[in-house]
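The values are calculated or read from the model by the stated rules, or taken from the named source; none is laboratory data. Predicted model, so just to flag it, every value in this text is computed and none were measured. Cβ placement follows ideal geometry from the backbone for every residue including glycine, while neighbour counts extend to all protein chains displayed. The accessibility values were calculated without ligands, DNA or RNA, using every heavy atom of the protein model including side chains. Shrake-Rupley method; radii C 1.70, N 1.55, O 1.52, S 1.80 Å.
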Amino acid sequence: MESSILDSIGSEIIGVMTPVSLCMLLVVLLVYSLSPSEQSLSGASDPFRTAANLVYLERPDDSSTQKLEGAVLNALVFVILIAIVTFLLVLLYYYNFTNFLKNYVRFSAFFVLGTMGGSIFLSIIQQFSIPVDAFTCFVLLFNFTIVGVLSLFSGGIPILLRQAYMVCMGIIMAAWFTKLPEWTTWALLLALALYDLFAVLAPGGPLKLLVELASSRDEELPALVYEARPTVSENERNRRSGLRFLLGGVSDSGSVELQVVSRDNADGRENHGNPEYSAVNVGTFGNEMHERSSDEVERLPLVGHLRDGFSSSGSSSDRSTSVNRENEIVMEEEMSPLVDMSLLGNNRQRASDSLENSLITDRGIRLGLGDFIFYSVLVGRAAMYDLMTVYACYLAIISGLGCTLILLSVCRRALPALPISITLGVLFYFLTRLLMEPFVVGTTTNLLMF
């Protein structure tokens with residue numbers, strides 16, 4: 001049982017863990033590169049007020065009790081704000097304000113890439129003294145932002161480009177969250193893990209309501225979600241169902257003509273024909289044409305052209321008459337499919353339906369942008385202390401994510417990705433900082449090997 005589960009989702013797990021690991025690695029590099037050397041564990045020397053610390057501004061000279069109380073209050077207020085906004089989004093989605101939500105998400109992506117990403121870009125330029133003028137910097141940032149918004153929300157974009165920009169947005173947001181004070185960061189991570197558990201699994205949880213509404217409508221959620229592989233909803237599949245079969249033939253001029261067969265157009269046609277000619281094979285195309293009746297051949301313009309091409313020994317007058325007849329058939333059947341879909345047998349139709357249902361239900365693993373952000377925030381905060389804590393937190397997060405994905409394959413329902421990973425990460429951080437790091441440093445300084 002376990003081996004079959006691992007075999008079925010192994011590639012999916014790798015497809016999710018790879019971008020998560022890359023996001024955490026780049027956040028750690030940003031923290032090491034952009035953090036000043038005199039920065040202490042308490043965060044920046046000049047605290048600034050954000051939505052995550054509306055109640056309490058942590059200062060280095062505050063007592064531990066004050067920091068703990070203030071951090072808990074900040075986390076509580078932040079979670080309440082997130083819950084209010086999420087329930088508001090649920091109401092808007094319930095009353096079909098989908099276009100407004102999509103535009104809101106587009107604006108959010110533009111704001112994150114343009115302003116917050118631009119600030120990090122300028123910090124990198126200043127830190128490494130990169131020689132670039134203001135105009136070039138503006139053009140690069142503008143192109144980066146516009147291409148990012150288009151790749152996240154437009155169709156026909158390569159999936160790798162979309163995934164890359166999702167990772168970039170996670171890096172940018174996580175780099176900003178690492179500027180929060182230490183106590184507030186830890187309290188915020190634990191509070192968000194508990195909220196994620198409630199929002200996804202509770203009967204009245206906002207995220208659960210969103211997922212159920214989207215499933216009932218068979219729509220994609222207007223949200224920033226990382227997809228391990230591209231998926232197509234049933235509505236989108238039905239809209240694309242016209243491009244189902246492709247028939248080829250040789251025209252009078254000697255060129256190859258291709259025409260697609262639309263299932264939607266063919267559903268309304270009458271059932272007349274032999275089911276055994278439901279598909280056309282290129283290798284046996286000429287042989288099958290001799291076996292079909294003349295009436296069936298006349299209903300297929302390209303087949304008629306191909307037949308005329310094969311009978312090149314006929315007279316020129318017969319050939320011109322045949323061409324005129326075939327042109328008339330093309331004009332009459334301009335909006336009709338070349339092959340009647342009613343020719344498909346019941347067995348073939350049932351097989352197609354079962355395959356279509358399996359493709360619809362076989363969706364790839366999806367991970368919200370918030371999971372990328374807070375995984376990276378935890379590792380980035382650990383990087384401000386020591387690399388040993390970074391390794392421990394990374395292993396804990398990856399282990400928790402793996403457990404969550406395995407549970408996802410077993411439960412076959414939406415599960416929160418934060419609770420297990422964040423709990424293990426915070427636990428491993430404090431165990432490493434309080435127990436492992438003193439032990440390793442003590443044995444190393446005393447030249448002991450173990």
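Assorted remarks:
- Candidate set: the stretch 408-433, residues that are under 19 Å from L190 (Cα atoms) and without any contact (Cβ under 8 Å) to a residue 40 or more places away in the chain; chosen: the one nearest to the chain's Cα centre (by Cα): I420
- Residue list for the stretch 28-52, restricted to those being part of a helix (DSSP H, G or I), open to solvent by less than 30 Å² (accessible area, probe 1.4 Å) and either modelled with pLDDT under 90 or farther than 12 Å from K179 by Cβ (or both): V28
- Taken over the stretch 373-392, the criterion of being of a type in the set (S, T, Y), buried (at least 17 other Cβ atoms within 10 Å of the Cβ) and in contact (Cβ under 8 Å) with a residue 60 or more places away in the chain is satisfied by Y375, S376.
- Residues (part of a loop (DSSP other than H, G, I, E, B) and in contact with a helix residue (DSSP H, G or I) (Cβ under 6 Å, 6 or more places away or on another chain)) located in the stretch 403-449: A414, L415, P416, A417
- Pairs, first closer than 15 Å to E12 by Cα in the stretch 393-407, second buried (at least 21 other Cβ atoms within 10 Å of the Cβ), C-beta under 6 Å, six or more apart: L401/S421; C403/I420; T404/A417; T404/I420
- For S216, the criteria (1) part of a helix (DSSP H, G or I); (2) touching a residue at least 60 places away in the same chain (Cβ under 8 Å); (3) out of contact with any Lys or Arg (no Cβ under 8 Å at 6 or more places or on another chain) hold in every case but one, which is (2).
- Top-ranked residue of the stretch 53-81 - restricted to ones that are polar (S, T, N, Q) and assigned to a loop (DSSP other than H, G, I, E, B), ranked as modelled with the highest pLDDT: S63
For (1) crowded, with 19+ Cβ neighbours inside 10 Å; (2) more than 20 Å from V112 (Cα to Cα); (3) out of contact with any Cys (no Cβ under 9 Å at 6 or more places or on another chain), each residue gets a yes or a no:
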site: F128; (1), (2), (3): no, yes, yes
site: V139; (1), (2), (3): no, no, yes
site: T145; (1), (2), (3): yes, no, yes
site: S151; (1), (2), (3): yes, no, yes
site: P158; (1), (2), (3): no, yes, yes
site: Y165; (1), (2), (3): yes, no, yes
site: I172; (1), (2), (3): yes, no, yes
site: F177; (1), (2), (3): yes, no, yes
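- Of all the residues in the stretch 399-435, those that are open to solvent by 30 Å² or more (accessible area, probe 1.4 Å) and modelled with pLDDT of 90 or more number 12.
- Qualifying residues in the stretch 58-106 (those that are open to solvent by less than 40 Å² (accessible area, probe 1.4 Å) and without any contact (Cβ under 8 Å) to a residue 60 or more places away in the chain) - the one nearest to A223 (Cα to Cα): L92
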